[in-house]
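K.L.:
Let me begin by handing over the structure; questions about it come next.
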Amino acid sequence: MANPKTIPKTILVTGCAGFIGSNFAHQFRKKFPKTKIVGIDDFSTGRKDAVEPSIVFYKGSILNENLLEKIFSEHKPEYVFHFAALPRVSYSVEHPRHTSEVNIVGTVALLESSKNHGVKRFIYSSSSAVYGATKKLPTRESENSNPKSPYAVQKYAGEHFCRIFSELFGLDTVCLRYFNVFGPGQYGDSPYSTVISAWLESLYFPRKEKAFIEGNGNQSRDFCHIDNVVSANISAMESKKNFNGEAFNIALGNRVKINEIKNSIEKYTNKKLDLEKRPPRLGDVVHTRADISKAKKLLGYNPAVNFDEGLRRTIEWFESRKI
Ligand SMILES: NC(=O)c1ccc[n+]([C@@H]2O[C@H](COP(=O)([O-])OP(=O)(O)OC[C@H]3O[C@@H](n4cnc5c(N)ncnc54)[C@H](O)[C@@H]3O)[C@@H](O)[C@H]2O)c1
């Protein structure tokens with residue numbers, strides 16, 4: 001049970017129809033049955049059927065100033081969980097301007113509304129992409145950031161805006177740098193899909209185009225199950241500290257090779273993955289692994305779901321999916 005002092009009356013969840021936002025809203029509802037959850041999404045990548053039914057939902061863009069003013073003045077959210085974004089690296093390379101509008105200007109618009117309407121804390125979804133090709137593993141938050149794509153620059157800019165809104169206006173903000181998130185609710189049907197969802201999609205909902213593997217498969221990533229990301233967001237809300245734009249790695253703190261994922265998927269599903277071999281992606285980082293000691297110490301973050309358990313839960317979801 002939550003500490004009664006930390007039960008908010010109202011929260012705002014942006015991107016509530018997306019993978020992380022929808023999982024967050026479902027789990028938040030279970031933990032805080034009395035809180036009013038207000039959500040906004042324009043369905044640019046999100047899905048109607050993913051929206052938590054008890055949400056007060058607004059269909060529209062975070063770039064729509066009038067809509068934001070209406071939402072903030074009518075509902076007065078105490079906490080803002082900002083998940084809305086156009087989040088794929090390769091999409092941002094193809095559409096640098098549009099993704100900058102949503103990912104930077106959209107974030108600033110929400111910070112401004114939060115400041116104007118007395119929000120207690122703004123919880124920002126950042127990304128491990130901000131580190132770029134760092135060589136130091138496990139990577140700590142103090143490592144130099146060297147963004148390598150429009151998406152990474154946009155997420156990094158969002159972090160700086162969070163920090164300066166805290167410094168200039170006293171709005172408390174916190175930046176959660178997620179590493180590769182996976183789990184139920186992540187569809188693998190877009191050309192920008194991430195590896196676990198794309199491979200499972202090819203096994204359970206095969207299409208003409210084959211799933212693929214880039215490079216020799218020895219590259220590795222710190223894959224983090226969605227439930228760990230949801231619990232990090234709730235801890236960030238519940239904390240009694242002031243964060244003033246502080247950034248935290250949210251990951252498992254371990255890395256898994258792409259080839260190992262292939263083997264595990266084949267073992268747990270009893271199906272053979274038929275993958276097209278593609279050359280390594282240009283500029284791709286070879287390994288990622290987060291140092292999560294800061295989040296453990298200051299946020300009380302504890303990633304309860306390990307990789308194998310997370311993968312099994314994801315496979316169960318694919319097995320139960322109708323469409
Ligand atoms: N999934 C990951 O591995 C990962 C890793 C690091 C960071 N993140 C960050 O986490 C957040 C959520 O990512 P996700 O994986 O759930 O992505 P997603 O694409 O599933 O969800 C994003 C949601 O935002 C909505 N959206 C996009 N533009 C909008 C706009 N202008 N107005 C209103 N809604 C809009 C989309 O329709 C979608 O529902 C993003 O900020 C992303 O940058 C994700």
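Each reported figure results from applying straightforward, stated rules to the coordinates on display, with no laboratory input. In this text, all values refer to a predicted model and were calculated from it rather than measured experimentally. Quick reminder, even Gly has a Cβ in these numbers, built from the backbone with ideal geometry, and neighbours come from all protein chains shown.
K.L.:
Compute from the Cα atoms of region 41-197 the Rg and the Dmax, the latter being the longest Cα-Cα distance, and quote both in angstrom.
P.N.:
Answer for region 41-197, Rg first and Dmax second: 16.0, 47 Å.
K.L.:
I've got another one for you. With 10 angstrom as the radius, rank 296, 322 by how many other C-beta atoms surround their C-beta, starting from the fewest. Intermediate results must be reported in sequence, preceding the final value.
P.N.:
Working: 296 15, 322 3.
Taking fewest neighbouring Cβ atoms as first place, the list is 322, 296.
K.L.:
Enter the angle in degrees (range 0 to 90, nearest 10) between the Cα long axis of helix 226-238 and the first principal axis of the Cα atoms of the chain, meaning the one along which they spread out most.
P.N.:
Taking Cα atoms only, the helix is inclined about 20 degrees.
K.L.:
If you don't mind, another one. Kirkwood hydrodynamic radius of region 159-308 from all distinct Cα pairs, in Å? Don't jump to the answer; show the numbers that get you there.
P.N.:
Working: mean 1/r = 0.0585 Å⁻¹.
With all distinct Cα pairs of region 159-308 included, I get 17.1 Å.
K.L.:
May I ask for the Rg/Rh ratio of region 156-238, computed from Cα atoms with Rh as the Kirkwood radius, given to two decimals?
P.N.:
On the way: Rg = 17.5 Å, Rh = 15.6 Å.
In region 156-238, Rg relative to Rh is 1.12.
K.L.:
Express the relative contact order of the chain as a whole percentage, based on alpha carbon pairs under 8 Å and six or more residues apart in sequence. Write down the numbers at each step before the final one.
P.N.:
On the way: 621 pairs, mean separation 53.2, N = 323.
This gives 16 percent for the chain.
K.L.:
Within the P(r) computed for region 249-288, what percentage of the Cα pairs occupies the region above 15 Å? Mind showing how you got there, number by number?
P.N.:
On the way: 464 of 780 pairs.
Percentage above 15 Å: 59.
K.L.:
Sequence gap at least 6, Cα distance under 8 Å: using those rules, report the relative contact order of region 94-215 to the nearest whole percent.
P.N.:
Details: 136 pairs, mean separation 31.0, N = 122.
It comes to 25 percent, rounded to a whole number.
K.L.:
To make sure I understand, if each residue's beta carbon is the centre and we count other beta carbons within 10 Å, what order do 82, 26 fall in, fewest to most?
P.N.:
Working: 82 26, 26 20.
Starting with the residue having the fewest Cβ neighbours, the order is 26, 82.
K.L.:
Given springs between every Cα pair under 10 Å in a Gaussian network model of the chain, which of 263, 242, 146 has the largest fluctuation?
P.N.:
263
K.L.:
Pull up all non-local amide H partners of residue 121: gap of 5 or more, or a different chain, and H-to-H distance under 5 Å with H placed in the peptide plane.
P.N.:
Hits under the 5 Å cutoff: 80.
K.L.:
Also: In what order do 194, 173, 6 fall by count of nearby beta-carbon atoms within 10 Å, going from fewest to most? If you can, show how the numbers build up before the last one.
P.N.:
Values: 194 18, 173 30, 6 13.
Going from least to most buried by this count: 6, 194, 173.
K.L.:
Now for a different question. Note down the Stokes-Einstein diffusion coefficient of the chain in µm²/s, whole number, using a Kirkwood radius over alpha carbon pairs, 10 °C, and 1.306 mPa s. Don't jump to the answer; show the numbers that get you there.
P.N.:
Working: Rh = 20.0 Å.
In µm²/s, the coefficient rounds to 80.
K.L.:
Where Rh denotes the Kirkwood radius from the mean inverse Cα pair distance, what is Rg over Rh for region 64-139?
P.N.:
Radius of gyration relative to Kirkwood radius: 1.07.
K.L.:
Continuing with this model, one more query. With unit charges on the beta carbon (Lys/Arg positive, Asp/Glu negative), name the residue among 191, 268, 7 whose Cα is farthest towards the positive pole of the charge dipole of the chain.
P.N.:
Highest projection toward the positive end goes to 268.
K.L.:
A follow-up question, please. Most mobile of 267, 48, 135 per a Gaussian network model of the chain (Cα springs, under 10 Å)?
P.N.:
Among 267, 48, 135, the largest mean-square fluctuation in the Gaussian network model of the chain belongs to 267.
K.L.:
Restrict the search to region 176-256; then list the trypsin sites (Lys or Arg not before Pro) that DSSP places in a loop and that have at most 14 other Cβ atoms within 10 Å of their Cβ. Provide the component values of the computation, followed by the final result.
P.N.:
On the way: sites: 177, 207, 208, 210, 221, 240, 241, 255; in loops: 207, 208, 210, 240, 241, 255.
Passing both the DSSP loop test and the Cβ count: 207, 208, 210, 240, 241.
K.L.:
Determine the dipole magnitude for the chain: charges of +1 sit on the beta-carbon of Lys and Arg, -1 on that of Asp and Glu, nothing else is charged, the reference point is the Cα centre, and the result goes in debye to the nearest 20. Provide the component values of the computation, followed by the final result.
P.N.:
Numbers: 47 positive and 34 negative charges, 125 e Å.
Dipole magnitude for the chain comes out near 600 debye.
K.L.:
Work the Kirkwood hydrodynamic radius out for region 1-87: mean of 1/r over every pair of different alpha-carbon atoms, inverted, in Å. Each step should come with its number before you reach the end.
P.N.:
On the way: mean 1/r = 0.0775 Å⁻¹.
Result for region 1-87, one decimal place: 12.9 Å.
K.L.:
Using the Cα centre of region 189-310 as origin and beta-carbon charges of +1 (Lys, Arg) and -1 (Asp, Glu), tell me which of 211, 253, 230 is placed farthest towards the positive end of the dipole.
P.N.:
253
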